[in-house]
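The values are calculated or read from the model by the stated rules, or taken from the named source; none is laboratory data. Quick caveat, the model's predicted, so the values are computed rather than measured. Note that we place each Cβ from the backbone using ideal geometry, even for glycine, and neighbour counts take in every protein chain shown. These area figures cover heavy atoms from the full protein model, side chains too; ligands, DNA and RNA do not enter into them. Shrake-Rupley method; radii C 1.70, N 1.55, O 1.52, S 1.80 Å.
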Amino acid sequence: MWLRRKLQRLRLIVGTPCHFALFDLQPGFRLDLDALASRYRELARSVHPDRFADASESEQRVALERSASLNDAYQTLKSAPKRARYLLALKGEVPLEVTVHDPDFLMQQMQWREELEDLQDEADLEGVAVFKRRLKVAQEELNESFAACWDDAAQREQAERLMRRMQFLDKLSYEVRQLEERLDD
């Protein structure tokens with residue numbers, strides 16, 4: 001019973017409709033990630049399954065479920081592309097299709113891929129660092145563009161397009177980090 005009251009007080013109850021509610025936030029793209037991380041740590045300590053080692057089996061299961069839900073919500077909100085997709089899903093269905101129907105962006109993708117392959121072939125660690133900085137600037141620009149249009153129903157298609165671009169850049173950024181690690185070894 002104590003666990004249930006504590007979880008209700010933390011608004012970590014079954015059927016919480018929104019990840020933002022778990023962190024006492026209004027749905028929005030721009031978030032203070034340091035505050036989000038701080039709130040996550042606070043909540044994680046409160047519902048961590050180890051705190052309920054002496055509780056009943058059902059209370060332990062509830063704590064485990066709440067901890068998993070909290071982790072999922074945090075992972076979604078801390079990632080700009082995941083947060084963008086989640087916000088769009090709150091407004092309605094987001095197609096699972098990830099194809100970008102944007103010729104200019106498709107050309108940019110191909111150029112980035114070729115450049116990354118060249119950097120890998122040349123084992124150019126300094127070039128990778130420069131590429132990574134340019135990629136970060138592109139991600140920040142996309143984030144700002146998405147933040148400006150996500151809540152406007154008239155710009156839904158543009159917001160979806162930007163979200164898909166964000167997903168691509170996030171994947172590319174991951175590949176750059178992996179390349180950087182391989183070249184740094």
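Quick notes
- Solvent-accessible area of Lys82 with every protein chain in place, 1.4 Å probe, in Å² to the nearest 10: 110
- The Cβ shell under 9 Å around Leu31 holds other residues with a net charge of +2, Lys and Arg each +1, Asp and Glu each -1.
- Assigned charges on the beta-carbon of Lys, Arg, Asp, Glu; the chain dipole about Cα centre (debye): 1460
- Note on Leu119: accessible area approximately 10 square angstrom, rounded to 10, probe 1.4 Å, nucleic acids and ligands left out.
- Share of carbon and sulfur in the accessible heavy-atom surface of segment 42-185 [1.4 Å probe, %]: 47
- Per residue, the solvent-accessible area of the chain (1.4 Å probe, heavy atoms of protein chains only, all protein chains present) comes to 62 Å².
- Each residue of segment 35-41 was assigned a 3J(HN,Hα) from its phi angle through the Karplus expression (A = 6.51, B = -1.76, C = 1.60, θ = phi - 60°), giving 5, 4, 5, 5, 5, 4, 4 Hz with x at Gly and Pro.
- Under 30 Å from the Cα of Lys171 - lysines, other chains or at least 8 residues apart: Lys78, Lys82, Lys91, Lys132, Lys136
- Nearest-0.05 FRET efficiency for Phe105 and Gln26, computed from C-beta distance (R0 35 Å): 0.70
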